[in-house]
Structure formats: C-alpha cells, structure tokens
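The next block holds one structure in the form of structure tokens; read it before the comments.
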Amino acid sequence: MRKPIVAGNWKMYKTPSEAVNFVREVGNSFVSVTGIDIVICAPFTALDRLGEAVAGKNMALGAQNMHFLKEGAFTGEIAPGMLVELGVKYVIIGHSERRQFFNETDESVNMKVKAALAAGLVPIVCVGEKLAEREVGDTFKVVDAQTRAAFAGVSQEQAKDIVIAYEPIWAIGTGKTATAQDANEVCAHIRQTVGTLYDGETAQAIRIQYGGSVKPENIAELMEQPHIDGALVGGASLQPQSFVALVQAAHKQ
Ligand SMILES: O=C[C@H](O)COP(=O)(O)O
C-alpha cells in the first residue's frame with residue numbers, strides 16, 4: 001500500500017513572512033491527519049522560517065531545486081546539505097519550468113536525483129510531455145525516456161524512495177487537466193517503465209503523483225485512480241483554505 005503524497009509547489013510566490021502566515025492560517029488542520037504525506041515546496045528564502053513554523057503541524061518541507069554538488073564556486077546555487085540543515089525533506093527535480101527556462105537536462109536531472117538521495121532528501125522527479133508531443137502520440141515515449149534517464153545509476157533500494165510527478169506540460173497553470181483516466185494510463189506506463197528498470201516490487205513501491213491544474217474539485221477523482229498516489233499542485237496550493245481542501249479531498253480516498 002503506497003502512502004499518498006500531496007505537495008504544494010509554490011514556485012516563485014511568497015516572501016518568508018507570507019509563507020509563515022500561510023502556515024499560521026492552516027493552523028492545526030493537519031495535526032491529527034494520518035496516512036498521507038503533506039509537503040510544502042517553498043522558495044529557498046522561506047525555508048528557514050518555515051522550518052520553525054511547520055514544527056508539530058504535520059507538514060514536511062520541500063525545496064524546488066538544488067545543485068548536484070556538495071559545495072563549490074557556483075554563484076547563486078544551493079547545495080543539498082544546505083537544504084538538509086534547514087529541515088528540508090523533499091526536493092523537486094526537473095520541473096518542466098526548470099527544463100524549459102533554466103536548461104535543465106535529463107543528464108542534470110539524473111545528477112541531482114543521485115545527489116539528493118545521497119544527502120538523504122527525497123527527490124520528486126518531474127516528467128511530462130509537451131502538447132505537440134502528445135498530439136503526435138509520443139507521450140509514452142517521452143515519459144519513458146525521462147524516467148529512464150532520471151533513474152540511471154540509482155540502486156533498487158534508493159529507487160523505491162523516489163517520488164515521480166507526472167505533469168503534462170500543457171496542463172500546467174492552464175486550467176486544462178488531463179482526464180483522470182488519461183493521467184492514470186500515463187502513470188501506469190511510468191510504473192511499468194520503473195518495473196523494467198528494476199522489478200515489479202520496486203514498481204509497486206514507487207509513488208507517482210499527477211500535476212497540472214489540480215484543484216480541490218478534481219483531486220478526488222484523480223486520487224481514485226489506481227496508479228495515481230498523490231498530486232503536485234501549483235496555483236491551488238497558494239491559499240491556505242484551498243490547500244487544506246486539497247488535502248482533505250485527497251485523504252478521503
Ligand atoms: O508543480 C506544479 C505544477 O507545475 C502544476 O501547477 P498548477 O497546479 O498551477 O497547474
């Protein structure tokens with residue numbers, strides 16, 4: 001039985017004080033919630049104060065990116081150990097916005113996945129096709145290649161800890177969601193790919209989220225699907241009431 005995971009990806013929104021106010025407004029909503037992992041992936045600048053704010057609130061902290069080296073002369077970059085010291089548990093790797101705007105490649109994604117695992121962070125690895133790729137029927141081919149590349153050189157034991165987020169790029173921030181059935185079909189294919197890389201047990205253990213215009217209104221149907229274990233949520237995770245509603249709707253499944 002895979003534990004569901006709902007993660008908010010705040011992208012480049014919220015100052016540190018806005019982030020702390022969010023947690024204050026969420027209050028104790030999640031304190032007695034069990035059986036689901038609840039994660040906030042905040043901007044780097046908010047992580048320190050958030051670490052204190054979420055203590056005892058049953059929310060884990062995530063970052064949205066990191067460098068693959070432990071340290072070095074890389075102006076503007078953040079190393080895995082810097083995140084660990086702030087109490088960060090998860091890190092999004094290879095989000096399509098980073099692939100599109102910041103030259104993230106399958107190779108750098110793989111290096112970051114390995115570095116995150118080595119540092120004790122749980123990578124949330126994003127895969128997903130562009131609209132043009134979907135239209136020519138290449139969805140499976142694209143997610144298959146991205147998944148294989150991301151897991152290259154990762155041991156079976158480590159692979160089980162990785163979370164994959166399937167995010168069709170055309171559904172991000174557009175209000176267009178893949179149908180729950182279509183999303184499930186792609187997640188099933190990703191699971192199958194993991195199975196060919198490792199084995200059936202690993203494929204069954206790995207958690208796969210869907211992302212792309214997820215809202216409190218559509219999360220339940222997505223979570224009902226057998227291969228969807230959670231959601232990576234952008235816009236709808238920014239308001240406390242909406243985030244609480246997302247977790248509640250996801251948790252009923
Ligand atoms: O990481 C989150 C995704 O990019 C989805 O964003 P969205 O929920 O605003 O469509």
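Only aspartates and glutamates eight or more places from residue 160 in sequence, or on another chain, were considered; those with a Cα closer than 13 Å are 199, 201. Would you list which aspartates and glutamates come within 17 Å of residue 89, measuring only between C-alpha atoms, while excluding same-chain residues fewer than 8 positions from it? Cα-Cα hits under 17 Å: 37, 48, 52, 161. Counted by neighbouring Cβ atoms within 10 Å, the residues 22, 74, 68 run from fewest to most as 74, 68, 22.
Remark: 193, 179, 34 ranked as 34, 179, 193, counting other beta-carbon atoms within 10 Å and listing the fewest first. Per-residue ellipticity at 222 nm, computed for the chain from helices alone with -39500 (n - 2.57) per DSSP H run of at least four residues, works out to -12500 deg cm²/dmol. Rounded to two decimals, the Cα radius of gyration of the chain over 2.2 N^0.38 Å is 0.93. Taking the charge dipole of the chain about its Cα centre, with +1 at Lys and Arg Cβ atoms and -1 at Asp and Glu Cβ atoms, the residue from 66, 189, 170 reaching farthest to the positive side is 66.
Gain on full extension, evaluated as 0.36 nm per residue between residue 111 and residue 141 minus their Cα-Cα distance, stands at 8.6 nm. Sorted into 5 angstrom bins from 0, the C-alpha pair distances of the range 58-102 split as 5, 20, 27, 23, 17, 5, 1, 0 percent. Averaging the sequence gap over all C-alpha pairs within less than 8 Å and six or more residues apart, then dividing by the number of residues, gives the chain a relative contact order of 20 percent.
With neighbours defined as other Cβ atoms within 10 Å of a residue's Cβ, the residues 198, 166 order from fewest to most as 198, 166. With a simple spin-label model that places each label point 7 Å from the Cα along the Cα-to-Cβ direction, the separation between residue 2 and residue 192 comes to 1.5 nm.
All of the numbers you see were taken from the coordinates with simple rules; none came from a lab. Keep in mind that this is a model prediction, so the values were computed, not measured. Neighbour counts are summed over all protein chains in view; Cβ atoms, including those assigned to glycine, are modelled from backbone coordinates with ideal geometry.
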